[in-house]
Every structure is written in C-alpha cells, then in structure tokens.
1. Look at ILE213 and say whether it is closer than 26 Å to ASP159 by Cβ and surrounded by 23 or more Cβ atoms within 10 Å (Cβ to Cβ).
2. Can you go through ILE213, ILE202, ILE163 and tell me which one is more than 23 Å from ALA16 (Cα to Cα), assigned to a helix (DSSP H, G or I) and of a type in the set (Val, Ile, Thr)?
3. Looking only at residues in segment 80-89 that are assigned to a loop (DSSP other than H, G, I, E, B) and in contact with an Asp or Glu (Cβ under 8 Å, 6 or more places away or on another chain), which one is farthest from ARG187 (Cα to Cα)?
4. Search segment 348-361 for residues being aliphatic (A, V, I, L, M) and farther than 17 Å from ALA326 by Cβ, and hand back the single one that is surrounded by the fewest Cβ atoms within 10 Å (Cβ to Cβ).
5. Within segment 1-30, can you find the residues that are in a loop (DSSP other than H, G, I, E, B) and in contact with a Leu (Cβ under 9 Å, 6 or more places away or on another chain)?
6. If a residue has to be in contact (Cβ under 8 Å) with a residue 60 or more places away in the chain and of a type outside the set (Gly, Ala, Ser) to count, how many in segment 21-45 make the cut?
7. Counting only residues that are assigned to a loop (DSSP other than H, G, I, E, B) and among the hydroxyl-bearing types (Ser, Thr, Tyr), which one in segment 289-333 is nearest to ALA25 (Cα to Cα)?
Amino acid sequence: MKRKIRMGMVGGGRGAFIGAVHRMAAALDGQIELVCGAFSSSPEKSKLSGEDLFLSSGRAYGSYAEMIDKEKRLPEGERMDFVSIVTPNHLHFGPAKLALENGFHVVCDKPLCFNMEEAKALQKLVEETKLLFALTHNYTGYPMVKQARAMVKNGDIGDIRKIIVEYPQGWLSTKLEDSDQKQAAWRTDPKRSGIAGAMGDIGTHAENLAEYITGLQITEMCADISTFVDGRRLDDDGNVLLHFDNGAKGILHASQIAAGEENNLNIRIYGTKAGLQWFQMEPNTLYVKWLDKPMELLRTGVGELYPSAQAHARIPGGHPEGYLEAFANIYRNFAYCLQARLAGVEVDEIYKDFPTVHDGVRGMQFVESVIKSGKSEAKWVKF
C-alpha cells in the first residue's frame, strides 16, 4: 500500500538555515514525513531540536551513527526509509557512507563531499548498493529550467555555440566570518568547506546548471581565482573560460564580493536558431530570443509548455513559485521513485529527473579543476 516516505535528518538543528529549507521542501507535497534525526554534534542540542520538531525523545539521536544503528533495528514499518544530510561539506561523507552501507537511501546537500577521494568512494558505493541518491542542486528543480532543458534537447534553439552562466552574491564583501555569523564561518574555513570558497559554494551551482540545461559537459577550463577580502583563507571571486564537449565555448563567473547582489544566478545559452535566458531571482520567466522572429517570454503555468516543465509546476500562472518549490521538486521526485521501488513498479520517467551522485562527482571535479587552473601558469586545464 502506498504510504508516506519516512525521513531521518543529519544536521539542521536549532539555528541552522538549510535544514529548515530541506524540511519545508520535503513536506510540501505530503509525500514525506520526518520521523527522526541527529540534528547536531551536541547530543543535548539534538534532543532539543527534536522537541522543537515534535519528535518523540527516542527518535532524536545523539549522533548519526546512533541514528542509523537504532533505526535499522526497528521494524520495517517504523524505521526511516532515507537519510537527508544537511551538514557543512566536511560532514557529508561519513553519514552518507554509513547510511548506504546499512541499506538506507540518501538525499544530500551540495557539494557532494569534501574532496574527490570521498566523492568517488560514494559513487562506487551507490553503484554497488543500487540505492537511490539525490543531490540537492535545487536550481534544476525550477519549471522554466526544465522547459529550457527540454527545448535544448528537442533542438528548438539549434546547435549550442555559447554558454554564459554567472552567480554573483555580495554577502561576503566584508570579513563576516570574524563575527558570529555561522554560515560565513564554515564556508570560509578550508577545514570545513574544502579547497574552494565561492567556487565550491556557488560556482558548483553555475557549473551544474550549465551542464543540466544543455546536456553538455565541460572538458577544459581557464580560471582566474581571487581572494579580495584581506585575511580570508579561501577564494571569494572567480572568472572561468570553458570549453564544452560539442565545441561550444562558455564563461562562468561566481562571486561573493559583488556588493549589492543577492542571489543573482542567471544563464544565457545561444544556439544556431535562438538564445535562452533565465534568472533565478525572476524564475517564472524564460526568455527565448529567436534569430528570425520577435522574442518570446514563456511563463510558468501559462500556455503549452513541455511536459517536464508542466509536471513541476503546482499552481496556476501568475502565482509565484520559487526556491522552496524548486527544492521540493527534488524531494517529490525522489519520493515518487522510492515509493515505486518499494511497491515494485516503474515510475514515470519525468520523476526520475533529479541530480544524483554522478552530478556530485562532476561538481567535485569542477572544484578541483578550477582551483588547479587558478593556481597554474598553464592557460588551460583538463576537466
């Protein structure tokens, strides 16, 4: 019988930003329920966070290892079905590996993990266990991003020649990490974030969006990586020239010192017939710039869109859908796939559309390649 999918969470306790986002997104379509969690490295804080979320005291665990061990011992009708990992980068690998080894499916925040060694180990484990693994590159969840992907795949804009993707933010224009700002502190700490700052945090979103929409892969890059804020230990700005596997050329720019910018992720894709343009801060609109006729504006929920776009819109046109809904599309699709697996049936191909461990490995390859290129005297570095 069809039922809600049961979720356990690692991280995301009191004071955490992204954990609350994941919980809201998972709950939005009524397909998933939170049943347990190890919400903090502090057992006491984890228990308090469990109380905040109305969990029974016995399901708010002191560590992810305890959670996975005790949940595995519960009857099949009670235990969690998957683990959602919402910790800083250096704490992704441990719970993901342990969950997979114990038969639990995984949803993990991006980037996949701390380094390439961990990424490949997780990829191998997913392939061996055949368990579901979703990576929350949430910008792929927007309906008009899926419309753009479908238009490219259908040949509507012709052969792709040029891709320009940028993600400017301004919130780290000062040395915010020296204050009590938790998000700034771990993102600028190489022991917790990894070898990259801005390029790992938001540059990976730009890379993933470019490859997701176009279906192309980056093969080479030439990067200029900078740290503008005195005393900061990781990059806060980067400019990258890209070569793609079909011969297309691209430009990727990511910055966290672009004063006044919020989350201005945007992408332009130019083919032989038309160009596409999409802005994350105005996500319900896709601009189609034709070579031989006037520009079109396609809108979420309005007119005839490709099925993949229509399937990921929830409400009539003119009612804004945004960040949480895009996140929720990943969780909903993951839930549908898991429900189908539990029932022994096939799921519609539309709902298999969510980022996987393989996208995570691409992201880690991007991080390592862009930092290598930024430090190298060579003009181009292989991806």
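1. Details: closer than 26 Å to ASP159 by Cβ: yes; surrounded by 23 or more Cβ atoms within 10 Å (Cβ to Cβ): yes.
Yes; evaluated as a whole, the condition is true for this residue.
2. On the way: ILE202 fails: more than 23 Å from ALA16 (Cα to Cα); ILE163 fails: assigned to a helix (DSSP H, G or I).
Among ILE213, ILE202, ILE163, only ILE213 is more than 23 Å from ALA16 (Cα to Cα), assigned to a helix (DSSP H, G or I) and of a type in the set (Val, Ile, Thr).
3. Within segment 80-89, the first condition is being assigned to a loop (DSSP other than H, G, I, E, B), and the residues that meet it are 80-81, 86-88.
Narrowing the set further to residues that are in contact with an Asp or Glu (Cβ under 8 Å, 6 or more places away or on another chain) leaves 80, 86-87.
Numbers: MET80: 30, VAL86: 14, THR87: 11 Å.
Here the answer is MET80.
4. If we filter segment 348-361 for residues that are aliphatic (A, V, I, L, M), which is where we start, we get 350, 357, 361.
Imposing the further condition that a residue be farther than 17 Å from ALA326 by Cβ reduces the set to 357, 361.
On the way: VAL357: 26, VAL361: 18.
Among those that are aliphatic (A, V, I, L, M) and farther than 17 Å from ALA326 by Cβ, it is VAL361.
5. We begin by selecting, within segment 1-30, every residue in a loop (DSSP other than H, G, I, E, B); these are 1-4, 11-16, 28-30.
LYS2, ARG3, GLY11, GLY13, ARG14, LEU28, listed by residue number.
6. First, pick out the residues of segment 21-45 that are in contact (Cβ under 8 Å) with a residue 60 or more places away in the chain: 21-22, 24-26, 28-29, 31-32.
The next check asks that each one be of a type outside the set (Gly, Ala, Ser); those that pass are 21-22, 24, 28-29, 31-32.
So the answer is 7.
7. Here the answer is THR300.
So that you can scan it fast, the table gives a plain yes or no per residue for (1) in contact (Cβ under 8 Å) with a residue 60 or more places away in the chain; (2) surrounded by fewer than 24 Cβ atoms within 10 Å (Cβ to Cβ):
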residue	(1), (2)
ALA119	yes, no
LEU131	no, yes
MET144	yes, no
ALA148	yes, no
ILE157	yes, yes
ILE160	yes, yes
ILE164	yes, yes
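The values are calculated or read from the model by the stated rules, or taken from the named source; none is laboratory data. Given the structure is predicted, the values throughout are model-derived calculations rather than measurements. Note that each Cβ is placed from the backbone with ideal geometry, even for glycine, and that neighbours are counted across all protein chains shown.
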